[in-house]
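Please treat every number below as a calculation from the coordinates, not as lab data. None of the values given here were measured: they were computed from a predicted structure. When we count neighbours, we look across all protein chains shown, and the Cβ atoms used for this are built from the backbone with ideal geometry, even at glycine.
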Amino acid sequence: MPDSPTQTAPRAAAPVPRLEIRNLRRQFDGVAVVDDVSLRVMPGQVTCLLGPSGCGKSTTLRMIAGVEMQDTGEIWVDGSLICDTVFRVPPERRAIGLMFQDFALFPHLSVAENVAFGLSGPREARRARVEELLGRVGLRRFIDAYPHSLSGGEQQRVALARALAPRPRIMLMDEPFSGLDNRLRDDIRDQTLEILKQEDAAVLLVTHEPDEAMRMADEIALMRAGRIVQQGAPYNIYNAPKDRDAVAFFSDIN
Ligand code: ADP
Ligand code: MG
């Protein structure tokens, strides 16, 4: 059949979120600490889950990582369901990298062995990946060193290299800079962003510090008492906080 003259040109497909969570909920002792949270992280972007201590940020990340089970809700990666209440891809098959405040390198393993920890495949390929990443974080010269001989900032960069080594689709970062010296923090934030972009990982970054979110995020989801109360570009949230609590939260800490 000939095309009808009214037929419209095919539209470009909408981009698929790298990570999407839908209506995630988790309660402890009858209290919903994560209460109907929905969120998307697009490829190449840093989404920041920002909120005060105790509002449910880490619990949300743990469910996405698969180390905590939600009561209800769904988790999708690249358009595929990886977890709901009946179906569950185990944590090690989720293509998710993790980085926490306590970056916990293995003290008895060298820097190279730490970074190679999650890698499989031929020895030469693993070694090449370790060298590539250590070069990227500027620590190639420490390849045979042990964690205790490195500074806090250097250990943090090794932890970043370790998390990125298996080429995760998504990086979950839970207050990854809060253990660091103030003087170093901004530089390390900028370097980390640069490296995450080179590695093509979409990032969900958890923080309670508005200035960190403003510096790093493409999108901010403001969380309070288990719920996302506002979501948008950093500039918009900062300039048009939705309510008095949001204003107070931004002004308290700065
Ligand atoms: P945040 O990371 O934003 O500081 P969390 O997700 O760690 O918040 O915690 C949210 C709330 O859930 C807190 O009140 C915390 O005490 C509670 N909570 C977290 N994990 C558990 C658990 N395993 N059992 C009981 N309560 C928990
Ligand atoms: Mg936390």
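List the residues of the stretch 205-224 whose backbone N lies under 20 Å from a point placed 7 Å from the Cα of GLN27 along the Cα-to-Cβ direction.
224
Applying a 10 Å radius around every beta-carbon, put 48-60, 182-194 in order of their mean neighbour count, most first.
Final packing ranking: 48-60, 182-194.
Once fully extended, how much extra length lies between ASN236 and ALA248, figured as 0.36 nm per residue of separation less the alpha-carbon to alpha-carbon distance?
So the chain would gain 2.7 nm between ASN236 and ALA248.
Using the number of other C-beta atoms within 10 angstrom as an exposure proxy, rank THR72, THR207 with the fewest first.
Final ranking by Cβ density, sparse to dense: THR72, THR207.
Rounded to the nearest 5, what % of the DSSP beta bridges within the chain are antiparallel ones?
Of those bridges, close to 55 percent are antiparallel.
Once fully extended, how much extra length lies between ALA95 and GLU132, figured as 0.36 nm per residue of separation less the alpha-carbon to alpha-carbon distance?
Using 0.36 nm per residue and subtracting the Cα-Cα distance, I get 11.4 nm.
So, in nm, how far is label SER53 from label SER120 when the simple model puts each one 7 Å beyond its Cα toward the Cβ?
Label at SER53, label at SER120, 4.0 nm between them.
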